[in-house]
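Novice: Have a look at this one before I ask anything.
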Amino acid sequence: FQKHEFFVDMTCEGCSNAVTRVLHRLGGESFDIDLPNKKVCIDSEHKVDTLLETLKKTGKNASYLGEKSAQ
């Protein structure tokens, strides 16, 4: 799996719940939401475009920050 980092303009718990919802719908994703820094890290086989489209379904401003190297 690739680890991808995205910026999502989340301001509250409701925003992060929306992100969780859309990612669960995509299926099989493992992800971490960093609400204070407005970042979402996703372990995924999906293309970045797919993930970005999915995150944008929350209605939030989202952008791709880059690949995160495995720790």
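The values are calculated or read from the model by the stated rules, or taken from the named source; none is laboratory data. This one's a predicted model, so the numbers in the text were calculated from it and none came from an experiment. Methodologically, a virtual Cβ is constructed for each residue, glycine included, from the backbone with ideal geometry; neighbour enumeration extends over all protein chains shown. For the accessible areas, the whole protein counts, side chains as well, though only heavy atoms, and no ligand, DNA or RNA atoms are used. Shrake-Rupley method; radii C 1.70, N 1.55, O 1.52, S 1.80 Å.
Novice: Of everything in the stretch 1-11 that's at pLDDT below 95 and outside any loop (DSSP other than H, G, I, E, B), which residue is least open to solvent (accessible area, probe 1.4 Å)?
Specialist: Checking each candidate, the answer is 3.
Novice: Filter the stretch 12-71 down to the residues that are touching a residue at least 60 places away in the same chain (Cβ under 8 Å) and open to solvent by 50 Å² or more (accessible area, probe 1.4 Å) and list them by number.
Specialist: Selection gives 64, 65, 67, 68, 69, 70.
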